[in-house]
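Structure first, then comments.
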């Protein structure tokens with residue numbers, strides 16, 4: 001078809017031949033672009049899955065650290081409350097401060 005004749009074998013003008021060559025080039029470009037897009041999507045989907053899995057693991061680890069820090073904070077608060085109560089007892093103070101008594105008896109409800 002690039003020999004200067006149309007589908008019926010009749011001669012084509014230069015413009016028609018150029019249009020046909022352009023159409024063929026665009027069709028080939030579309031095929032190559034589609035193949036490249038498919039290749040890129042398959043490569044990227046694996047990367048996205050790896051990133052998602054890595055981020056999920058990091059989030060789980062952060063939640064674990066958060067739980068550990070909360071537990072350590074509660075233990076420290078309770079120990080501090082007991083230490084304050086012991087110091088007051090050693091100094092001979094009979095009346096405990098209400099806040100200290102609350103910390104000692106209920107460390108989970110104490111504010112930081």
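Candidates are the residues of the stretch 1-57 that are part of a loop (DSSP other than H, G, I, E, B) and surrounded by 10 or more Cβ atoms within 10 Å (Cβ to Cβ); the one that is modelled with the lowest pLDDT is 1.
Hey, among the residues in the stretch 81-104 that are touching a helix residue (DSSP H, G or I) at 6+ places or on another chain (Cβ under 7 Å) and modelled with pLDDT of 90 or more, which one's surrounded by the fewest Cβ atoms within 10 Å (Cβ to Cβ)? Within the stretch 81-104, the match that is surrounded by the fewest Cβ atoms within 10 Å (Cβ to Cβ) is 82.
The values are calculated or read from the model by the stated rules, or taken from the named source; none is laboratory data. Predicted model, so just to flag it, every value in this text is computed and none were measured. Cβ coordinates were reconstructed from backbone atoms using ideal geometry, including for glycine residues, and neighbour counts include every protein chain displayed.
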